[in-house]
Every structure is written in C-alpha cells, then in structure tokens.
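Read the structure below first, then the notes.
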Amino acid sequence: MIWAILLLVLLYGVITRRRRSKSEPPLDKGRIPWLGHALEFGKDASKFINRMKEKHGDIFTVRVAGRYVTLLLDPHSYDAVISDSDSLDFTKYAQVLMERIFNLKLPHEQPAKAKTMMKSHFLGVNLPTLKSSMGRHLQGLLKAELPQNQRDWKEEGLFNLCYGLLFRAGYLTLFGGEQNNNAVDPSRVYEEYKKFDGFLTKLARGTLKTEEKKTAESVRKRLWDLLAPAGLNEDSASSPWLHAYKQLLQEDGVDEETQRKAVLMQLWATQGNVGPAAFWLLAFLLTNPEALMAVKREFSQISQMETSEIFLVDRSVKTPVFDSALEETLRLTAASFITREVVQEKILPMADGSEYLLRKGDRVCLFPFVSPQMDPEIYCQPQKFEYDRFLNEDGSVKKDFYKGGKLLRYHTMPWGAGTNGCVGKPFAISTIRQFVYMLLTNYDLELCDSKAEIPEINTSRYGFGMLQPEGDLLVRYKPRNVH
Ligand code: HEM
C-alpha cells in the first residue's frame, strides 16, 4: 500500500513537473514530491520564509502541498498586488478557508454585501454605542471576577485573563444583546471557542488526525448550537449588526444551519484577535518597567481629568504613548498573510523596476510580519519592544519610516490592507485601550515572578492573525483602592 502511494506521488511529480521560465520568480519546489515545503511552512512559516528570503530575495515561488505560492516581501511593491482585484482574486482562497475551518459555503455575492453592512455598523454612527456597551460589559465582568472589597491577590495566567475577559465582553456586546437575559452564558461560549481555536490552524491546513478531526467537529457543532439564538431577538436593537447580517443571509436564501456556521465565522473574525493583542501589550508593559511607567503616567493624567472610565470612548481624548505601545505590540505579534489567487496571468511590476510573470492558478502571498514589521532595514533591533518607537521626540505620532531611502506607504500592516482590511479596527483599538486603562488604573497588576520573561510564540499560528503564546505569563491582581 505504502509503495503504491509512493509510486503515485512520484508519478505525480513526473507528470506535473514544473520549470521556471526566465520571466518568473525564482522557483523552489522543495525535495518532497507534491508536499514540497508544506511541513516546514506549517511548523514555522516565519522562519521558513526568512530562510527562503535569504536564498532568493524579495520574491520567490514555493511549492506547498501541491500548490505554488509566490511570496512577495518588498513592501514598496505591495500595492501592485493589493490594488489589482481583476487578476488577483481575494474571495477564492477565502472560500477555501471558510469551507475548511467553518464547513461553510456562502453565495458568491454575500461577503461583499456583508462587508458594506458591517462598515455601517462598526465604523459609522453606531460606533460610540458599541464602545460604551463594551466598556460596561468589561467593567461588569472585571468586577465579577474580583469584587472591589477583595483584599487578596488573585493569580492567573495573563493570556487567559485577557482572552477570557475580552472574549466574553465582546460576545455580550456583539452577539448577546444588551437586554437579552436569556442569552447563552458567555463563559460556555468562550470555553468551547478556546477548544475550537486550538484546532484552527490544523483545520485550515487540513492536517487534523482522525481523532482530532472528530473532536474538532463536535466542538464546532456545540458552538453552532450555542450561537443559534444569537441575533434572533425580536428586538433588533440588541446586536443590530448581527440582526442585519442574518437578514442578509436570509435574503440570499441561506438556510438556518448555514446561518449558524456563518455566525461562528463572525465570532472568530470579531473576537479572535483582541484578547491576544491585549495580552501581548500587557506582557510587554509588565516586562518593561519604563514603558509601563510611561503608559501609567499618561493614563493617570487622564483619570485626574475625568471621573468615569467610559470617557475612553471619546475619540478626542488622546493617548499617544498608549497608541505607540499598541502599534509596537502589533508590529511584533500581528502576523496575517494577505493571500490572492492569480485568476489571469499577470506581470507583476516591482518597485525596483523589475517585472515577474505570475501564473494563472498560483497564489500570491504577502507576509507583512517579515517585511515591513520585522525588517531590520526599517526598524533598528526589530525583535525588541520599544514602546516609543512610533513617537517623535516632541511626543507627536511618528508615521514616516523608510526602506532603501524611500518612504514606506505601509510601515506596519496588522489590520490587513485594501478591500479586505479590518472593518473593526477603531472598535478594536478602543476596546484594548479601555481594557488596559481599567486594569492599570483600577487594579494593582504585577508579575508573580518579577524576573519572568515574555513566553515564546506558538510558531504554528503564523499567517492566522494575532499570534498566541506557548504557555502563559503568571500575574496577580487586586482592586487598587483596597489596602
Ligand atoms: C487586534 C484586533 C484585530 C486585528 C489585529 C484584526 C485584523 C484583521 C485582519 C488582518 C483582517 C483581514 C483578514 C483577511 O485578510 O481576510 C480582518 C478582517 C476583519 N475584521 Fe479584524 N482585527 C481585529 C479586531 C476586530 C474586531 C474587534 C472586529 C469587530 C468589530 C473585527 C472585524 C473584522 C471583520 C468583520 C473582518 C472581515 C472583513 C471582510 O469581510 O473582509 N476585527 N481583521
């Protein structure tokens, strides 16, 4: 049997032998027939891509599980990919992932309509309501976690603390509804979601073992059931965006089961990144006393001005030091791929004047984590957390960064770019700001071991949004006004 498979793989290799033409990017197929570089890519995409960059430069094509993927790593040339939606299609690969991760197939025009609808809810006049609802839920959950009269420290892993609180508050704000007393317990949704999240990258790559597949499918099914009531409330004032989303699905003839699957996808898109981002920010601050002091100083000036934490929903309250620390955090830990499918042959013009032919049927992938975000030509000591990296000497926001002497249009890209960029960016930033403010001003928060270091990154998650730690960072916290 094994011999038969090997023979088939070899035959496949011979039949589908691909050679590089002169006008194409350097081709690196890897030694293993069909699989190519898939194993190395899946284990640590950043390390692999850096190795290939050393070998081939800023553009190259690799074979990954039967597909040919061209990696482009020159940020000056990114626009040629991002702005060409005729030759380079976003939806095809997104649909592949949707099906693999969520077992979901949606009508073709649906995602575009949904995006327009979400923009109106997450970016428009509804944003202040969302922000203050989030603030209230965060405050309520934090108080329930640790009542004001509690005198003892509570110990917890920082990742679990951040992800758990932000997920539950986000769920209540966007999925649970304000007045919905019958809403499913957010902790149950979080517990199931965490399990699902653990399978995410393997689901996306189709590499689950039989037993894991069974568990992943049953967790996914439990989440579909838990999410069934979300957005169904007669009163569309609770979760209005979800109400509108479900209506859109219904208008497109999407059945109820598929609607639940689509709601799980939205849970992932809206809740999967904020908790991990807040974790990394607090982890960097707690392990960098100077940065922590600077952010606390900025917050304390604000807290003297105002009485309520809810003030942070107000955009006019400026927090440049916090903003810089957050941007620096995202530079170091936001690691999405921007992937497009080549639907018609394209000549890709590079910023240095060279041109490369992209073959129809291949994929093109930008990995902004490697460049611009971790590029030593752009950032001095790119591995290091410097909270004020995005501040000028006069305290104003620093936006100008250069590569090869040329100003960069994109110096960090945690929110994606172009038509499929994040529609939740302002809400996400406001949420993290409220959360970090609440923790740092109303609570004493410190490392259990003052010498503890930032945990390692889980390297299998490169390409899937915010990175997550391997293990956790133990912290303790208690309400500040109790001595
Ligand atoms: C730190 C937090 C966040 C980060 C780093 C982040 C990042 C991203 C990125 C990179 C994408 C593009 C994904 C792709 O290429 O397919 C994206 C899409 C999206 N994000 Fe966020 N996001 C965050 C928080 C949020 C929040 C809080 C919301 C909801 C209010 C949200 C809603 C969405 C939605 C709906 C999409 C899909 C847009 C589309 O249809 O193309 N995100 N996000």
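Just so you know, all these numbers are worked out from the coordinates, no wet-lab data involved. Just so it is clear, the model here is predicted, and its values are computed rather than measured. Ideal geometry is used to build each Cβ from the backbone, glycine not excepted, and the neighbour counts take in all protein chains shown.
Where the Cα atoms of the range 132-173 are projected onto their three principal axes, how long is each span, largest first, in whole Å?
Principal-axis extents of the range 132-173 (Cα, largest first): 30, 22, 11 Å.
Quickly rank 110-116, 456-462, 390-396 as a protection proxy: mean count of other C-beta atoms within 10 Å, highest first.
Final packing ranking: 456-462, 110-116, 390-396.
Mind checking which of Val189, Leu227, Leu203 is farthest towards the positive end of the chain's charge dipole, using Cβ charges of +1 (Lys, Arg) and -1 (Asp, Glu) about the Cα centre?
The listed residue farthest towards the positive side: Leu203.
Relative to the compact-globule scaling 2.2 N^0.38 Å, provide the ratio for the alpha-carbon radius of gyration of the range 235-301.
Computed over Cα atoms of the range 235-301, the ratio equals 1.80.
By counting other Cβ atoms within 10 Å of each Cβ, how are Trp268, Trp415 ranked from fewest to most?
By the 10 Å Cβ count, ascending: Trp415, Trp268.
Place a label point 7 angstrom from the Cα of Lys194 along the Cα-to-Cβ direction, then list the residues of the range 259-280 whose backbone nitrogen is under 19 Å away.
Inside the label zone: 267-280.
Within the range 339-365, list the residues whose amide N lies under 17 Å from a label point set 7 Å along Cα→Cβ of Leu27.
Backbone N within reach: 342, 345-348, 356-364.
Could you name the aspartates and glutamates whose alpha carbon sits less than 17 Å from that of Lys360, not counting residues in the same chain fewer than 8 places away?
Glu24, Asp84, Asp86, Asp89, Glu341, Glu345
Name the residue farthest towards the positive end of the dipole of the chain from the options Pro376, Met350, Val64, assuming +1 on Cβ of Lys and Arg, -1 on Cβ of Asp and Glu, about the Cα centre.
Toward the positive end, the furthest listed residue is Val64.
Please report Rg over Rh for the range 4-151, where both radii come from the alpha carbon positions and Rh follows the Kirkwood definition.
1.15
Tell me the label-point distance for the pair Lys43, Asp86, using the 7 Å Cα-to-Cβ offset, in nm and rounded to one decimal.
Label at Lys43, label at Asp86, 4.3 nm between them.
If you consider only alpha-carbon coordinates, what radius of gyration and Dmax does the range 245-392 have, in Å?
21.4, 60
Can you flag which of Lys47/Lys346; Lys43/Lys92; Lys113/Lys209 are past 32 Å Cα-Cα?
Going by Cα-Cα distance, Lys113/Lys209 fall outside the 32 Å limit.
State to the nearest 20 debye the size of the charge dipole of the chain about its Cα centre, where the only charges are +1 on K and R beta carbons and -1 on D and E beta carbons.
For the chain, the charge dipole is close to 1360 debye.
If a paramagnetic tag sat 7 Å from the Cα of Gln304 along the Cα-Cβ line, which residues of the range 434-476 would have the backbone N under 19 Å from that point?
Those under the cut-off are 437-438, 440-443.
Placing +1 on the Cβ of each Lys and Arg and -1 on the Cβ of each Asp and Glu in the chain, which of Val397, Ala169, Gly361 has its Cα farthest towards the positive end of the resulting dipole?
Positive-most Cα among the choices belongs to Gly361.
For the chain, what is the relative contact order in percent, using Cα pairs closer than 8 Å and at least 6 residues apart in sequence?
Result for the chain is 24 percent.
Computed over the Cα atoms, what is the radius of gyration of the chain divided by 2.2 N^0.38 Å, N being its residue count?
1.01
By how many nm would the segment from Arg17 to Glu217 lengthen if fully extended, with 0.36 nm per residue of separation less the alpha-carbon distance?
The span from Arg17 to Glu217 would gain 68.4 nm if fully extended.
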